[in-house]
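First comes the structure, then the notes that go with it.
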Amino acid sequence: MMDQKFPEEAKRRLDSLFESYAIIAENTYVYLCDMRYNYSRWSKALVKAFDLPSEYMYDAGLIWEEHIHPEDREAYHRGLDDVFSGKQNAHDMQYRARRPDGGYDLCTCRGIVIKDEDGEPVYFGGTIRNHSDKNYIDTLTGLRNRNGFFLDIQNYIQNKTTIMIGMAGFSKFSNINEIYGYEVGNKVLQHFGRYLMENVSNREGTYRLDGSRFAVISVVQEEKKPEQSYEKLRSYFRKGINVDGNDIILELNGGVVYLDSFNVDYRTVLSCLNYAYQDSKRNKHGDLVTFGRELTGDNRKELEKLYAVHKSVAKELEGFYLLYQPVVDAETEKIIGAEALLRWKSDEYGTLPPDAIIPFLETDPIFPVLGEWILCKALEDAKKIMEYIPDFKININLSYTQVEKADFTDSVWNAINKTGIGPEHVCLEMTERCRLLDMNLLSDVITRLRTGGVKIALDDFGTGYSSVGLITKLTFDTIKIDRSFVQNIEQDEQEKRLLYNFTDMAGAFGANVCVEGIETAGIRDILRTYGVHSFQGYYYSKPITIEEFLDKVRG
Ligand code: C2E
Ligand code: CA
Ligand code: CA
């Protein structure tokens, strides 16, 4: 091993050569050695995959040799000697290399010697292709894929490295495929991936997750704000790129999460990232959304809290429970139903409302487990209440991600059969967010459930821009008017008229109208003149436990 320190200038040259190499080396690891100092740089991904000491190494050939299968070691050693002694100018061989878990991957290693003007060898560089590594590479873009992404995040968590993770993607990718064909669609993805790799991160820190969603991971730097990189990226694709003579404009969405807490798992990190991305797409017109509050104690706490929530889904839903808020008949004010509302509680974090849990969980693969539990638990409790109120209806909130699952209606029938409750006692509430689903699918699900006798309610009517569109396309049994429209009707004539129009319109489509957020007798009195069917609100009762509910109905 050379004792001489590797000069700065030589390192700069090594780096720039290495980086140009890395760009053209599709799907492979890259190494480059300055032979004068026997000092090398190796791909970060290779260093990580085989647990090598560092990207920069003296005597890397010998370090790597330790990882080579004993039966292949001699041939490897000879090959390398030939290169370093000047006997050979190139190197091309296969060997098995040991992974940290003890297994071996088959690799093809190719390299050449680069000489200076005087014929003196200066660099030895090449690629190592890992034949077992396909699982980590996206074949279309050559970038690391979702698996690689998860693996890398796990490593960062393990090594307690503070990083920034960004997700960027574009909307309506299927339109591009439909209009221009798959070939063009593929080229758009490749272009997008390449741009990210060259301008935002590098090959090893850029990932294609799925469809048109990509991610970048970078170590946090003070001077490099993600907003700036994102806006640059956004304006580049908004101007349009030319692919095979077609000008294609991409509208981006982006989310960021800072990983600064290491008491989490990668799934939690992904949930937070998905949340930020979806928020950007749905509510922020594509502006970059940062999860939590950058690198503050709050962010860490938030991540850890969500991790705790995640873990309890896996631990048989420990800490989750339902509260029930009565729904009363507008005329008689008798309880005719209730809405099940989710809560989560732990010693460390206290009680969390659904708004703090559901948006993070609903895009997670574990969400259906929770969704099914909510359904079954609510139906079991409803049966208990029905002993006192035979016509009782239980309202259960759905997330759009539940509805889009192919087996969703089956899970509803299962829960109904398991508890033996009549389907007409079950009312499923969908919010406007269901409009994100395919209309045909949504209409099909609703028709199937209604045909089977289950009631469907449209929740939070009026809060989204497409409420009216939805009720003209789909049939709902009940329309629930959001409480935000009710709050000021005692003082504000205009709000009062607006609410009147809402109830009128909802009623015109044949649905029962339920108004939420009745907090005072005054509000109730106004609404009674509007032909509303039922009320829900603190004036009657806050959400309560099943025990409290049973006490109430027992009288
Ligand atoms: P939501 O479906 O609109 O539920 C009504 C919310 O309004 C509840 O908040 C309830 O506690 C609150 N509320 C009821 N009456 C009044 C009132 O008079 N005044 C005021 N200020 N608020 C009132 P909560 O329990 O925090 O639930 C928030 C949202 O979380 C729900 O809104 C619903 O969209 C969602 N959610 C709750 N449980 C579930 C669930 O099991 N699954 C799904 N997917 N979403 C749920
Ligand atoms: Ca609801
Ligand atoms: Ca509501």
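Summary of values
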| read-out | value |
| --- | --- |
| Selection within the range 414-469 - within 13 Å of ligand 2 (Cβ to nearest atom) and assigned to a helix (DSSP H, G or I) | Glu432, Arg433, Cys434 |
| Residue within the range 439-455 that is at pLDDT below 95 and within 16 Å of ligand 3 (Cβ to nearest atom) present | no |
| Near pairs, Cβ below 6 angstrom, 6+ apart or cross-chain, from the range 272-294 (within 10 Å of Gly254 (Cα to Cα)) to any residue that is of a type in the set (Val, Ile, Thr) and in a loop (DSSP other than H, G, I, E, B) | Asn274/Thr363 |
| Complete set of residues in the range 375-397 that are open to solvent by less than 30 Å² (accessible area, probe 1.4 Å), within 18 Å of Pro326 (Cβ to Cβ) and part of a helix (DSSP H, G or I) | Ala378, Leu379, Asp381, Ala382, Ile385 |
| Test for Phe214: is it surrounded by 21 or more Cβ atoms within 10 Å (Cβ to Cβ), in the same structural domain as Ser271 (by TED's automatic domain parsing), within 30 Å of Leu52 (Cβ to Cβ) and among the hydrophobic types (A, V, I, L, M, F, W, C) | yes |
| Enumeration of residues in the range 512-528 that are within 15 Å of ligand 3 (Cβ to nearest atom) and either out of contact with any Leu (no Cβ under 6 Å at 6 or more places or on another chain) or more than 18 Å from Lys334 (Cβ to Cβ) (or both) | Asn512, Val513, Cys514, Glu516, Gly517, Ile518, Glu519 |
| Test: Ile137 is β-branched (Val, Ile, Thr) and in contact (Cβ under 8 Å) with a residue 40 or more places away in the chain | yes |
| Flag for His69 being in contact (Cβ under 8 Å) with a residue 12 or more places away in the chain, loosely packed, with under 15 Cβ neighbours inside 10 Å and closer than 29 Å to Asn155 by Cβ | yes |
| Filter result for Lys496 (over 30 Å from Ala521 (Cα atoms), charged (D, E, K, R) and open to solvent by 50 Å² or more (accessible area, probe 1.4 Å)) | no |
| Residue list for the range 499-521, restricted to those being within 16 Å of ligand 1 (Cβ to nearest atom) and either acidic (Asp, Glu) or open to solvent by 70 Å² or more (accessible area, probe 1.4 Å) (or both) | Glu516, Glu519 |
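One line per residue, one yes/no per condition, for (1) without any contact (Cβ under 8 Å) to a residue 24 or more places away in the chain; (2) among the aromatic types (Phe, Trp, Tyr); (3) under 23 Å from Ile396 (Cα atoms); (4) within 16 Å of ligand 3 (Cβ to nearest atom):
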| residue | (1), (2), (3), (4) |
| --- | --- |
| Ala314 | no, no, yes, no |
| Glu318 | yes, no, yes, no |
| Gly337 | no, no, yes, yes |
| Leu341 | no, no, yes, yes |
| Ile357 | no, no, yes, no |
| Leu361 | no, no, yes, no |
| Ile366 | no, no, yes, no |
| Val369 | no, no, yes, no |
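The values are calculated or read from the model by the stated rules, or taken from the named source; none is laboratory data. Note that the structure is a prediction, hence the values are computed from the model and not measured. Note that we place each Cβ from the backbone using ideal geometry, even for glycine, and neighbour counts take in every protein chain shown. All accessible areas refer to the heavy atoms of the entire protein, side chains included, with ligands and DNA or RNA removed. Shrake-Rupley method; radii C 1.70, N 1.55, O 1.52, S 1.80 Å.
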